[in-house]
Amino acid sequence: MTTTATPTAPARRAPAMGGFSLGFLALEVRRLVRNRRTLIFTVVLPPAFYFLFGGASYADQSAGRGNVSAYVMISLAVYGAMIATTSAGAQVSVERAVGWSRQLRLTPLKPAAYIATKLLAAMVMGAIAVAVVFLVAGVLGGARMDAWVWVVSGLVAWLGALVFAALGLLAGYLLPSENVMQLLGPLLAVLAFLGGLFVPLDVLGDTFQTLAQYTPAYGVGVLARMPLTDEGSLVTAVVNVVAWTVVFGVGAALRFRRDTARV
Amino acid sequence: MTETTAAPPAPAPTQAPPAVRLAGLTKRFGAVTAVDGLDLTVRAGEVVAFLGPNGAGKTTTIDMVLGLARPDGGEVEVYGLPPRTAVAHGLVAAVMQTGGLLKDLTVAETARLTAGLFAHSRPVAEVLERAGITDIADRRVGKCSGGQQQRLRFAMALLPEPELLVLDEPTTGMDVEGRRDFWTAIRADAQKGRTVLFATHYLEEADAYADRIVLVAGGKVVADGTAAEIRALSAGREVTATLPDGEAELARLRALPGVEHVELRGRTVHVQGTDSDAVARHLLTATAAHDLQISSRGLEDAFIALTGRTEETR
């Protein structure tokens, strides 16, 4: 017996893209879809809210390039995407708690590739949430608007949810808890309310209305509804979205760097 | 590889780097020095036990070999590469005590996910077979026993076909049967020439499965050799006998050749030394000693003598 390496030794190299792969992404999405609680929050709750808030009963009232039902639908699509991406991003907290992230450090997967996969998986869930609300409200709920408004509003609601994917990641790194969503759930409900996703902000007092403009769901909501109604300030909304994305994104990145240095 | 019999002696091959090279490795946690200037070289093909009591610095050292922790001082190389590079290239894989698994995935999904992260991987079905968990491939990880989860970790470690396999206390918390099955799988694998470095505080595991035992205590290597060599470090045997007038005989016993330690407990005298025959002959011919026994000291005595600790409770 010689002491040299095995003759079957394969060519040694590191994987491309830090270990990022579509197979890994697909499995991550499958895990999210298989999680009953995630699925209820993503797929069942937002369309249920549409009917609960009476979205279908406003089909006769017109609003901008469609009806009021469409207005409610867009708001709830933003809400659905927000819940879906936050809870998907927050999964990192569970994985840290059980030590899975440490197990992954025994593979070539680069931390950045891991985070990219988590973000993309969250965005896939966000897309599902938006699609479900649009489909249910459009087919069963009487929502009507111009064809291009469907496309643009849907895309904005979806892409804007990146803010919340970043929030989910940040929460996932801040809270080493397996029940991170029990804390985030109520917070998201408050943010959705202040962002004008549940009721128009006109019902609030002046102080609250002003305050609400600085909360993270406000910008996405205004931007997503803008193709329908032309309401709100484009600049304020864009500044809101960009600022919160930066805040959550940088926060998550800082926590993430500290985490990988430690592990 | 083919071998040409008539070929002239091959030129000396370029020195292959050792599997693991640690030089002056140091790691501190606050005021505690967990690893204190540790030196160790593991050659390719060796099966090395990293033996020591809890808190000896075994896990911290292994973390640094795998690039999970950064040394405060010294050097660490795996096949001549920085640890993270060796991991990324699939040269080294590990079964860790702490690495958690996702409860919501099945055994096969977990292995498939891991396989997809490497540039090169053995087929999932093959590693499950080698780890002996083919029959539970579709079981959710959360429903697997500790031993089954550990064998899944082993299967995952086999995926990149690593040159070096690192095991950190791999059988902690397993029942007797689980431990035996696990080691059967590991041993079958090591026979194919894979280098194995395993940390343990079970003496019998080190004795049974390692070619070489590296004894660590206080973050340092205190002994290094085969099980037989380690035993020999606290060499010798112990002779015990009932000796009625013990006190009077102690001085003469101490003067015998090779005697290291003499102790009288009640009417029983304990003599430790290298020449048990001489001690026994003296006791039986020159004193009133009776009920004489000779016992050889085992690895456990060496362990206690060298680490200054008693073995961990099970």
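Any read-out appearing in this document is the output of simple, stated calculations on the displayed coordinates, not a laboratory observation. Because the structure is a prediction, the values reported are computed rather than measured. Using ideal geometry, Cβ is built from the backbone for each residue, glycine included, and neighbour counts are taken over all protein chains shown.
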Worksheet item: What list do you get for B:M156, A:M145, A:M17 if you sort them by fewest beta carbons within 10 Å?
Response: A:M17, A:M145, B:M156
Fill in: Karplus (6.51, -1.76, 1.60) ³J(HN,Hα), θ = phi - 60°, over the range B:74-86, in Hz, Gly and Pro reported as x
x, 10, 9, 9, 10, 6, x, 10, x, x, 5, 5, 4
Fill in: the protein assembly as shown, dipole about Cα centre (Lys/Arg Cβ +1, Asp/Glu Cβ -1), debye to the nearest 20
1280
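Placing unit charges on C-beta atoms (Lys and Arg positive, Asp and Glu negative, everything else neutral), compute the dipole magnitude of chain A about its Cα centre in debye, rounded to 20. Don't skip to the end; give the middle numbers.
On the way: 19 positive and 10 negative charges, 302 e Å.
Roughly 1440 debye, rounded to the nearest 20.
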Fill in: Degrees separating the helix B:176-190 axis from the principal Cα axis of chain B, which is the longest one
70
Discussion item. With both bridge residues required to lie in the protein assembly as shown, what share of the DSSP beta bridges run antiparallel, to the nearest 5%?
Written reply: 70
Response to the item:
Checked against the positive end of the charge dipole of chain B (+1 on Cβ of Lys and Arg, -1 on Cβ of Asp and Glu, about the Cα centre), the farthest of B:L105, B:P257, B:Y79 is B:L105
Practice prompt. Please give, to one decimal in nm, the separation of the simple spin-label points placed at B:Q293 and A:A147, each 7 Å out from Cα toward the Cβ.
Written response: 9.7
Worksheet item: Residue by residue through the range B:242-253, which ³J(HN,Hα) values in whole Hz follow from phi under the Karplus form 6.51 cos²θ - 1.76 cosθ + 1.60 (θ = phi - 60°), with glycine and proline marked x?
Response: 7, 10, x, 9, x, 3, 5, 8, 4, 4, 5, 4
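Quote the Stokes-Einstein diffusion coefficient, in whole µm² s⁻¹, for the range A:18-140, based on the Kirkwood radius over alpha carbon pairs, a temperature of 10 °C and a viscosity of 1.306 mPa s. Don't skip to the answer; put the middle values down first.
Numbers: Rh = 15.7 Å.
Answer from the Stokes-Einstein relation: 101 µm²/s.
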Practice prompt. Have a look at B:A232, B:A115, B:A289 and tell me which one the Gaussian network model of chain B (Cα, springs below 10 Å) gives the largest fluctuation.
Written response: B:A289
Worksheet item: Dipole of the protein assembly as shown (Lys/Arg Cβ +1, Asp/Glu Cβ -1, origin at the Cα centre): which of A:M145, B:S296, B:G57 lies farthest to the positive side?
Response: A:M145
Fill in: Which of B:V216, B:H282, A:M82, positive extreme of dipole for the protein assembly as shown (C-beta unit charges)
A:M82
Discussion item. Please compute the modelled spin-label separation between B:T134 and B:H270, points set 7 Å along Cα→Cβ, answer in nm with one decimal.
Written reply: 5.2
Worksheet item: Under 5 Å between amide H atoms, partner at least 5 residues away or on a different chain: which partners does B:A44 have, H built in plane at 1.01 Å?
Response: B:A19
Worksheet entry | Amide proton proximity set for B:A223, modelled H, under 5 Å, gap of 5+ | B:L215
Worksheet, complete the sentence: Counting Lys and Arg as +1 and Asp and Glu as -1 over every other residue whose Cβ sits under 15 Å from the Cβ of A:V250, the net charge comes to +2
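As a footprinting exposure proxy, order B:H201, B:H270 by other Cβ within 10 Å, with the fewest listed first. List each step's numbers first, then the result.
Values: B:H201 22, B:H270 13.
So the ranking, lowest neighbour count to highest, is B:H270, B:H201.
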Worksheet item: Dipole of the range B:20-228, Cα-centred, from +1 at each Lys and Arg C-beta and -1 at each Asp and Glu C-beta, to the nearest 20 debye?
Response: 360
Worksheet entry | Gap separating the Cα centres of the range B:37-66 and the range B:139-181, nearest whole Å | 19
Worksheet, complete the sentence: Note, B:V95: beta-carbon cut-off 10 Å, +1 each Lys/Arg, -1 each Asp/Glu, net 0
Item to complete: Please arrange B:I133, A:I40 by counting, for each residue, the other beta carbons lying within 10 Å of its beta carbon, fewest first.
Response: A:I40, B:I133
